[in-house]
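Okay, so here's the structure we're looking at.
Quick note: the coordinates plus some simple rules give every number you see, no bench work behind them. Small disclaimer: the values here were computed from a predicted structure and weren't measured. Please note: Cβ atoms are built from the backbone with ideal geometry, for glycine as well, and neighbour counts cover all protein chains shown.
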Amino acid sequence: MSADLPKAGQAVAERLGAWIAGVAVRTLPDEAVYTARMLLLDVAGLCVAGRREDYIAATLAAADGTGLCTALGHGRPLTAYDSALVNGTAAHGEDYDDTFEGGPVHSGAVIVPAVLAACEREHLGGEALLKGIAVGAELMCRLALVAPKAIHTAGFHPTAVLGALAAAGAVSASLGLTADQATAALGIAGSTASGIIEYLAEGTSTKRMHAGWAAQSGLRAALMARGGFAGPRTVLEGVHGFYKAFAPSRTPDFTPLLDGLGQDWVMPSIAFKPYACGTMTQPFIDCAIGLAKRGVQAGEIVSITCNVGEGTVHRLWEDLAVKHRPPTPYAAKFSTPFCMAVGFFDGRAGFGQFTEARIHDPDVLALAAKIAYRIDPADEYPKNFTGHLAATLADGRVIEIRQPHMRGGAREPLSPAELEAKALDNFRYGGWDDALAEAAGRWCRDAFSAPDLAALTALRR
């Protein structure tokens, strides 16, 4: 062993592998179990909501044959890898899935599809499902804290690249892999991680597939590790390791990844989105809705200036001319000016606000064109997602509105009833009737106590 390598058992992935192998369902805190259940429910609703979209049809067209596993909302059983890809792509496709404010990363759309596929493939039950989701979400959130903002700065999508490792850990936990096997799975996943953010240029669909690709990559890594394939134990901190490759601008700090691991769970702070668009735009939508509720008319507005975190600018504000007139409905989800404008007029930002008709609506575009930004050095991003606007009106008044945090996050979580209503709405949006939607909701609530996942076949519609 080289002198500059960590001693046996001391590499970061080895320490993670030992934790993954040692997690017991009975020791999971209640809040972690609750969050895992809500992740399952949220993802299931999103998979069904997106099942008829053209990008899902294209993904299904790339699937080979049939298998043992379920793509939620589709009749054709798929292989584990294909089901993970389809479910992950559908769950993340409309950007309505959960987020971790310290990252940001989207855990549910990666972890739930990977673990569902693994458990169906291996005929495992609810405890394995719960353990995998909890472990994977915890790992993904903690991985996101190692080098905040640096992965985006390098041009990569954190959900895509971190998701492959987290999915490998999740599936390792579900399958009951040994510490050495889990370590190898993480090492293998480091070479399967990928996902650039060039989709921002023209609003194309590659971001949509990132969660599904990470899910199937992590699943494959865990199964290869179980079969004896070796991966580098220094995958995370090595000279040619993960963070060196994907976050070169920042020295990784593994303290928030490792400290309190297994005792202090961070995944219960995962935020569930109230709006179907980019995470950091959500507080700004609340500000715009608040402006409309004050009785302000769009024609009265001369200009709106927003204080923003520097780290959000290159994805959500620039090129500002493009953000004022997003070229596709998907691009509109990552335009803060458009999201604010449509929220101002509609009082919401759901599936119906991101359509061809809305991105060409002259009133929406006229208001979006009045919205600009300035960087606030004191902004807390990425630790906290805040919103702000200062609207100058034709009569000279300036109305300022602030949203101090993301609604749906740890500081103002959505209630269980709100999350269940969101999922039911998404099941219905995907074309399911009330009876099937409610049955799917019950399955999600009861899944962790089921002896197997055979009931999932009823969701192949």
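Summary of computed values
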| read-out | value |
| --- | --- |
| Cα-Cα pairs of the stretch 197-319 separated by more than 20 Å (percent) | 71 |
| Calculated P(r) tail over 27 Å for the stretch 12-269, as whole % of Cα pairs | 27 |
| Contact order relative to length of the stretch 19-164, as percent, for alpha carbon pairs under 8 angstrom and 6 or more apart | 24 |
| Protection proxy ranking, peptides 97-109, 230-242, 4-16, 252-264, average beta carbon neighbours within 10 Å, highest first | 97-109, 230-242, 4-16, 252-264 |
| DSSP beta bridges in the chain [antiparallel fraction, %, rounded to 5] | 75 |
| MRE, 222 nm, helices only [DSSP H, n ≥ 4, -39500 (n - 2.57), over the chain, to nearest 500] | -14500 deg cm²/dmol |
| Stokes-Einstein D in µm²/s, Kirkwood radius over Cα pairs - the stretch 35-167 at 37 °C with 0.692 mPa s viscosity | 222 |
| The chain: relative contact order in percent, alpha carbon pairs under 8 Å with at least 6 residues between | 21 |
| Degrees, to the nearest 10: 179-189 long Cα axis against longest axis of the chain | 50 |
| Amide hydrogen neighbours beyond the local backbone of residue 373, cut-off 5 Å, H modeled | 306 |
| Mean separation of Cα contacts under 8 Å (6+ apart) over length of the stretch 279-403, as relative contact order % | 42 |
| J(HN,Hα) series, the stretch 274-279, from Karplus relation 6.51 cos²θ - 1.76 cosθ + 1.60, nearest Hz, glycine and proline x | x, 10, 8, 7, x, 4 |
| Cα long-axis angle, helix 206-226 against the chain (0 to 90 degrees, to the nearest 10) | 10 |
| Pairwise Cα inverse-distance average, inverted: Kirkwood Rh of the stretch 378-424 (Å) | 13.1 |
| Residue-wise HN-Hα coupling along the stretch 85-93, computed from phi with Karplus coefficients 6.51, -1.76, 1.60 (Hz; x: Gly, Pro) | 5, 5, 5, x, 5, 5, 5, 9, x |
| Förster radius 45 Å - calculated FRET efficiency between residue 244 and residue 62 (Cβ-Cβ, nearest 0.05) | 0.90 |
| Under-5 Å amide H pairs with residue 105, H placed in peptide plane, nonlocal only | 100 |
| Charge context of residue 35, other residues only, Cβ under 12 angstrom, K/R +1, D/E -1 | -4 |
| From phi via Karplus (6.51, -1.76, 1.60), per-residue ³J(HN,Hα) for the stretch 106-115 in Hz, x at Gly/Pro | 10, 6, x, 5, 8, 6, 4, x, 5, 6 |
| Long-range HN-HN contacts of residue 403 with modeled amide H, under 5 Å | 387, 388 |
